[in-house]
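Novice: First the structure, then my questions, so here it is.
The values are calculated or read from the model by the stated rules, or taken from the named source; none is laboratory data. As the structure is a prediction and not an experimental result, all values here were calculated from the model. Glycine also receives a Cβ, built like all others from the backbone with ideal geometry; neighbour counts cover every protein chain displayed.
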Amino acid sequence: MKVFAPCFECTFSSNPRFESQLVDYFDDGVAFATCSVGHKFAVIVQTQKFEILLNSGAAALLEGFTLEACASFSAALERFYEFFIRISARSRKISTDLFDEMFKTMAQQSERQFGAFLMLYLLEFNEPYKENPKIRTFRNKVIHKGEIPQNDKSAEFCSWVYDEINKVYQKMLEKGDNFSLREATMEMIVSRRKNIPNGMSVATASEAGIFPLSHKDQKSSFSEALEDFRKSREMLRRTVIDPFPVGRHDHSEQK
Ligand SMILES: [Zn+2]
């Protein structure tokens, strides 16, 4: 995945200059960059794991990689369930350490996580969660049997997942402060910061994602969200003034 990484030291110097790169980041949600002057800095991606996976899937879908799009959306849904149970546990005053200790016993088994989600959803909203059965059937064909879906089928699957996440997330927003969504973001930043060497300058960046939690502007339809995502990616590409156009971006600054 790539994040937009302008050098703030250059931008806000007495002789300001603007350059920016699209820098790779991976599972730890941190990108490391060096500008052409030599400033080294880190960018913390202020985006939950399920959002990152949705963005990755949406990018794959736009490029015509249908299997990859479905795999990413499928993983995004599972990580969204995890996000929900984490947030719900927090709203019940369960500490992160305690939650992490419990989560170890379900981390490798998505069915256990889904079970926890079903129960917590019932407790939060006083109604049973109704799963869209088409998601499971389609996912089994694609993820477990390796069937490569056609473009329209792939887009349809992604829209089911998007609708599912959006439906639950809007209910979470309705409950407002109970879910401490702002705290969840702060905690994510603190945890990602641990991956950055002491003394390195740090910026945070939120992606113009397909389902941006930070902007509270989730589109109600997937096709609308995908179109917005496509436009924002194009705009971002035009904004980049890359000092290393042949690619000297790496993720090795932390080593
Ligand atoms: Zn610089």
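Novice: In the list Phe211, Phe222, Phe138, which residue meets the criterion of being closer than 16 Å to Glu78 by Cβ and in the same structural domain as Gly29 (by TED's automatic domain parsing)? Break it down into steps so the answer makes sense when it comes.
Specialist: Values: Phe222 fails: closer than 16 Å to Glu78 by Cβ; Phe138 fails: in the same structural domain as Gly29 (by TED's automatic domain parsing).
Being closer than 16 Å to Glu78 by Cβ and in the same structural domain as Gly29 (by TED's automatic domain parsing) holds for just one of Phe211, Phe222, Phe138, which is Phe211.
Novice: Condition first: among the hydroxyl-bearing types (Ser, Thr, Tyr), surrounded by 14 or more Cβ atoms within 10 Å (Cβ to Cβ) and not in a helix (DSSP H, G or I). Can you find one or more residues in region 157-176 that meet it?
Specialist: Filtering region 157-176 for residues among the hydroxyl-bearing types (Ser, Thr, Tyr) gives 159, 162, 169.
In the following step, the residues that additionally are surrounded by 14 or more Cβ atoms within 10 Å (Cβ to Cβ) were identified as 159, 162, 169.
Remaining after also requiring not in a helix (DSSP H, G or I): none.
Looking for residues that are among the hydroxyl-bearing types (Ser, Thr, Tyr), surrounded by 14 or more Cβ atoms within 10 Å (Cβ to Cβ) and not in a helix (DSSP H, G or I), one finds none in region 157-176, hence no.
Novice: Restricting to region 13-26, and then to whatever is closer than 20 Å to Ser206 by Cα and of a type outside the set (A, V, I, L, M), can you tell me which residue is farthest from the chain's Cα centre (by Cα)?
Specialist: First, pick out the residues of region 13-26 that are closer than 20 Å to Ser206 by Cα: 18-26.
Imposing the further condition that a residue be of a type outside the set (A, V, I, L, M) reduces the set to 18-21, 24-26.
On the way: Phe18: 27, Glu19: 25, Ser20: 21, Gln21: 20, Asp24: 14, Tyr25: 12, Phe26: 11 Å.
So, considering only residues that are closer than 20 Å to Ser206 by Cα and of a type outside the set (A, V, I, L, M), the one farthest from the chain's Cα centre (by Cα) is Phe18.
Novice: Of these, Arg237, Arg182, Arg192, which one is at pLDDT below 95, in a helix (DSSP H, G or I) and in contact with a strand residue (DSSP E or B) (Cβ under 6 Å, 6 or more places away or on another chain)?
Specialist: Details: Arg237 fails: in contact with a strand residue (DSSP E or B) (Cβ under 6 Å, 6 or more places away or on another chain); Arg182 fails: in contact with a strand residue (DSSP E or B) (Cβ under 6 Å, 6 or more places away or on another chain).
From the options Arg237, Arg182, Arg192, the qualifying one is Arg192.
Novice: Sort out which residues of region 86-101 are of a type in the set (Lys, Arg) and surrounded by fewer than 13 Cβ atoms within 10 Å (Cβ to Cβ), and write them in order of number. Give the derivation first.
Specialist: As a first pass, look at region 86-101 and keep what is of a type in the set (Lys, Arg): 86, 90, 92-93.
Selection gives Arg92, Lys93.
Novice: Among the residues of region 1-39, write down those that are more than 10 Å from the ligand (Cβ to nearest atom), closer than 14 Å to Val240 by Cβ and out of contact with any helix residue (DSSP H, G or I) (no Cβ under 7 Å at 6 or more places or on another chain).
Specialist: Matches in region 1-39: Lys2, Val3, Ala5, Gln21, Leu22, Val23, Asp24, Ala31.
Novice: Can you pull out every residue in region 114-137 that is closer than 19 Å to Ile210 by Cβ and touching a residue at least 40 places away in the same chain (Cβ under 8 Å)? Working first, answer last.
Specialist: Residues of region 114-137 that are closer than 19 Å to Ile210 by Cβ, as a first pass: 132, 135.
Answer for region 114-137, where residues must be closer than 19 Å to Ile210 by Cβ and touching a residue at least 40 places away in the same chain (Cβ under 8 Å): just Ile135.
Novice: Still on this structure, I have one more. Restricting attention to region 40-54, and to residues there that are crowded, with 24+ Cβ neighbours inside 10 Å and among the polar types (S, T, N, Q), which single residue is nearest to the ligand (Cβ to nearest atom)?
Specialist: Filtering first and then ranking leaves Thr47.
Novice: For region 218-241, give me each residue that is farther than 20 Å from Trp160 by Cβ, in contact (Cβ under 8 Å) with a residue 60 or more places away in the chain and not basic (Lys, Arg).
Specialist: Listed by number, the residues that qualify are Leu236, Thr239, Val240, Ile241.
Novice: Sticking with this one: Look at region 135-155 and say how many of its residues are more than 23 Å from the chain's Cα centre (by Cα) and hydroxyl-bearing (Ser, Thr, Tyr).
Specialist: Total meeting the criteria: 1.
Novice: Can you pull out the residues in region 112-162 that are over 18 Å from Ser223 (Cβ atoms), out of contact with any Pro (no Cβ under 9 Å at 6 or more places or on another chain) and among the aliphatic types (A, V, I, L, M)?
Specialist: Correct list: Ala116, Met119, Leu120, Leu123, Ile143, Ile148.
Novice: Collect the residues in region 180-199 that are in contact (Cβ under 8 Å) with a residue 12 or more places away in the chain and surrounded by 13 or more Cβ atoms within 10 Å (Cβ to Cβ), keeping them in residue-number order.
Specialist: Narrowing region 180-199 to residues in contact (Cβ under 8 Å) with a residue 12 or more places away in the chain: 180-181, 183-185, 187-189, 192-193, 195-197.
Answer for region 180-199, where residues must be in contact (Cβ under 8 Å) with a residue 12 or more places away in the chain and surrounded by 13 or more Cβ atoms within 10 Å (Cβ to Cβ): Ser180, Leu181, Glu183, Ala184, Thr185, Glu187, Met188, Ile189, Arg192, Arg193, Asn195, Ile196.
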